[in-house]
Amino acid sequence: MDTLIARAVTDLKNARNAVALTGAGISIESGIPPFRGKGGLWERFDPMEIAHIDAFVADPELVWRVLVKELKEVIDRALPNDGHKGLERLGRMGILKTVITQNVDGLHQAAGSTDVIEFHGTFAWQRCTECETRVPTRDVDASVLPPRCSCGGILRPDAVLFGEMIPPEALWRSQEVAARCDVMLVIGTSAVVQPAASMPIIARQSGARVIEINPEPTPLTGAVSSYLIRGGAGEVMNRIMAALEHPG
Ligand SMILES: [Zn+2]
């Protein structure tokens with residue numbers, strides 16, 4: 001077995017309270033392109049024009065047509081991959097307690113993970129701007145835009161738009177969870193954007209092992225993370241889970 005995989009397996013076996021921090025990289029294998037970077041939505045559109053709360057209030061039809069409908073099509077089709085499934089299995093084994101994610105695709109819940117903190121809310125649900133009723137995005141009929149709730153209110157993503165605050169509860173809980181964990185798996189994120197960026201630092205300062213799984217080194221590597229296992233989320237999680245579930 002690869003030395004780093006063996007090290008991760010030992011660290012996870014000894015863990016009482018492991019936590020995962022995930023980002024766009026874990027969902028690439030599910031066909032969800034990252035917003036930032038090459039091929040991302042923000043290369044084609046200015047987020048301030050189509051993903052800002054002011055833009056939504058001014059012209060919900062435009063935001064639905066350009067942004068939400070496209071994301072809905074991608075997310076409606078997407079299925080959890082081996083990265084999400086591996087974390088769910090770690091949870092069932094009693095090792096992993098919480099997933100903190102920067103993603104809005106709802107794929108950790110779709111994989112069956114039960115305690116998921118979503119910094120940026122979710123695109124997998126829409127919520128009524130009048131009565132706050134939530135509807136799964138999959139069940140929203142987007143043939144007439146903007147779609148409306150049965151009360152007549154306009155539906156909006158249950159995600160944090162630009163110009164909106166990170167839900168304070170998500171922030172407090174993740175800081176608490178990061179401070180208490182003994183292992184933090186950082187998967188598919190360079191964690192340079194706040195508030196995610198502070199979580200591995202809090203974990204490390206509290207004495208946790210920080211295991212980084214990313215295809216390339218990031219600013220965390222050699223600074224905050226204890227070690228980096230290079231590779232895609234699904235592939236690396238499969239190797240770790242195979243060794244954990246079938247030792248020897
Ligand atoms: Zn309503």
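Quick note: the coordinates plus some simple rules give every number you see, no bench work behind them. Worth saying up front: this structure is predicted, and the values here are computed from it rather than measured. Note: ideal-geometry Cβ built from the backbone for every residue, glycine included; neighbour counts use all protein chains shown.
Please compute the length gained on full extension between ASP115 and GLU73, using 0.36 nm multiplied by the number of residues separating them and subtracting their Cα-Cα distance.
Extra length from ASP115 to GLU73 when fully extended: 12.5 nm.
Near the amide H of TYR227, under 5 Å away, which other amide H atoms are found, from residues 5 or more places off or on another chain, if H is placed in the peptide plane?
Under 5 Å from the amide H of TYR227 lie the amide H atoms of VAL210, GLU212, each far enough along the sequence or on another chain.
Given the chain, what count of lysine pairs have C-alpha atoms under 28 Å apart, with each pair 8 or more places apart or on different chains? Mind showing how you got there, number by number?
Numbers: LYS13/LYS85; LYS13/LYS97; LYS38/LYS69; LYS38/LYS72; LYS38/LYS85; LYS69/LYS85; LYS72/LYS85; LYS85/LYS97.
Within the chain, the lysine pair count is 8.
Once amide H atoms are built 1.01 Å from N in the peptide plane, which residues 5 or more positions from LEU21, or in another chain, come under 5 Å H to H?
For LEU21, whose amide H was placed from the backbone, the distant partners under 5 Å are ILE100, LEU185, VAL186, ILE187.
For segment 22-62, calculate the relative contact order in percent as a whole number, restricting contacts to Cα pairs under 8 Å that are 6 or more residues apart. Numbers along the way, then the final one.
On the way: 21 pairs, mean separation 7.2, N = 41.
Computed value for segment 22-62: 18 percent relative contact order.
Quick one: Cα centre-to-centre distance for segment 179-228 and segment 42-96, in angstrom?
Their Cα centres are 23 Å away from one another.
Taking the dipole about the Cα centre of segment 171-221, with the C-beta of Lys and Arg at +1 and of Asp and Glu at -1, give me whichever of ALA197, ALA179, ASN214 is farthest to the positive side.
ALA179
What relative contact order, as a whole-number percentage, does the chain give when Cα pairs under 8 Å and 6 or more residues apart are counted?
Values: 450 pairs, mean separation 60.8, N = 248.
That works out to 25 percent.
Taking the Cα centre of segment 127-236 as the origin, how large is its charge dipole in debye, to the nearest 20, when only Lys and Arg (+1) and Asp and Glu (-1) carry charge on their Cβ atoms?
On the way: 10 positive and 12 negative charges, 29 e Å.
About 140 debye.
What ranking do ASP11, ASP139, ASP182, ASP105 get, fewest neighbouring Cβ atoms within 10 angstrom at the top? Provide the component values of the computation, followed by the final result.
On the way: ASP11 20, ASP139 9, ASP182 17, ASP105 26.
Ordered by Cβ neighbours within 10 Å, fewest first: ASP139, ASP182, ASP11, ASP105.
Each residue of segment 183-190 in order: what ³J(HN,Hα) in whole Hz does its phi give by Karplus 6.51 cos²θ - 1.76 cosθ + 1.60, θ = phi - 60°, with x for Gly and Pro?
In residue order, the calculated couplings are 9, 10, 8, 9, 10, x, 8, 8 Hz.
Given a Förster radius of 35 Å and the C-beta distance between ARG7 and GLN175 as r, what FRET efficiency does 1/(1 + (r/R0)^6) yield to the nearest 0.05? Working shown, then result.
On the way: r = 27 Å, r/R0 = 0.76.
Result of the calculation: an efficiency of 0.85.
For TRP125, what residues show an amide H to amide H distance below 5 Å, using hydrogens built from the backbone and excluding near sequence neighbours?
Residues meeting the criterion, in which the H sits 1.01 Å from N, are THR137, ASP158.
Testing the spin-label approximation: label points 7 Å from Cα along Cα→Cβ at VAL57 and MET165. State their distance in nm.
1.5 nm
For segment 1-81, just list the percent of Cα-Cα distances falling in each 10 Å bin from zero outward, please.
Taking every Cα pair in segment 1-81, the percentages come to 15, 31, 26, 15, 12, 2.
Modelling each spin label as a point 7 Å along the Cα-to-Cβ direction, I'd like the ILE201/ASN238 distance in nm, to one decimal.
Placing both labels 7 Å along Cα→Cβ, they lie 3.6 nm apart.
Net charge near ARG65, counting Lys/Arg +1 and Asp/Glu -1 over other residues with Cβ under 13 Å of its Cβ?
Charge balance near ARG65 sits at -3.
Can you put TRP125, TRP172 in order of Cβ neighbours within 10 angstrom, beginning with the fewest? Kindly include the intermediate steps, with their values, before the conclusion.
Values: TRP125 20, TRP172 11.
Taking fewest neighbouring Cβ atoms as first place, the list is TRP172, TRP125.
In Å and on Cα atoms, what radius of gyration and Dmax does the chain show?
Rg then Dmax for the chain, in Å: 18.6, 61.
Note down the nm distance, to one decimal, between modelled labels 7 Å out along Cα→Cβ at ARG134 and at GLU245.
Between ARG134 and GLU245, the simple spin-label model gives 2.8 nm.
With the contact rule set at Cα under 8 Å and sequence spacing of 6 or more, what percent relative contact order holds for segment 25-126? Walk me through the numbers on the way to the answer.
Working: 108 pairs, mean separation 22.5, N = 102.
Computed value for segment 25-126: 22 percent relative contact order.
Can you give the extra length, in nm with one decimal, that the chain gains between CYS151 and TRP42 once fully stretched, where that is 0.36 nm per residue apart less the Cα-Cα distance? It would help to have the intermediate numbers written out before the result.
Values: separation 109, 0.36 × 109 = 39.24 nm, distance 3.30 nm.
My answer for the length gained is 35.9 nm.
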